[in-house]
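Values in this text are rule-based calculations from the coordinates and carry no lab data. Fair warning: this is a prediction, and the values are worked out from it, not measured in the lab. A quick note on method: Cβ atoms are made from the backbone with ideal geometry, for glycine too, and the neighbour counts reach across all protein chains shown.
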Amino acid sequence: MWCVIQVLTGKEEKIRHACEKYIDSDILDETFIPFRKCRRKRNGVWKDEKTILFPGYVFLITEHPNELYNQLRRVEGMTKLLRADRTILELTRNEEELLINLGGENHIVEMSYGYIEGQKVNITQGPVKGLEGEIRKIDRHKRSCIVEIDMFGQKTRMTVGLEIVEKK
């Protein structure tokens, strides 16, 4: 089961390391922060950059949610565990599969590439391929797009790298 904890933005890595340090390894299978790769122009040169996909969130994988909740009390700086009705809010199987499809085993959403034909966006390669209908905005200057997905029990927008190589 995948759980999510909310932390102060900018403290994600610190909390991830604290979880790995203070939570027993037989309770916590994996702790991760999903990242995205994008391209940014710095001093006239395009460079690849890696940033956090969901700022303020750390993901935990466990088969023992109640024990995990008890041990999370040891972690300083955690804002809250996303919960519903006094139980830990777990991601649905669809949400887990979406994150796996987007980021793979290393939890990094790579750049996507595509073209625009008229008013239609066609993604030719990358993790956003197949999510064209969920794209809400494309920023060709920043080489990114905003994709709206179902995550954390609500509609959530995430910004991912998208290079439009051609406009027909």
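Identify, from the list Ile116, Ile108, Ile123, Ile138, the residue that is touching a helix residue (DSSP H, G or I) at 6+ places or on another chain (Cβ under 6 Å), within 22 Å of Arg39 (Cβ to Cβ) and not polar (S, T, N, Q).
Ile123
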- Say we look at segment 10-66 and pick out the residues that are among the hydroxyl-bearing types (Ser, Thr, Tyr) and surrounded by 12 or more Cβ atoms within 10 Å (Cβ to Cβ); which of these is nearest to Ser144 (Cα to Cα)? Thr51
- Task: Give me a count of the residues in segment 109-168 that are among the aliphatic types (A, V, I, L, M), without any contact (Cβ under 8 Å) to a residue 24 or more places away in the chain, in a strand (DSSP E or B) and under 17 Å from Glu96 (Cα atoms).
- Result: 1
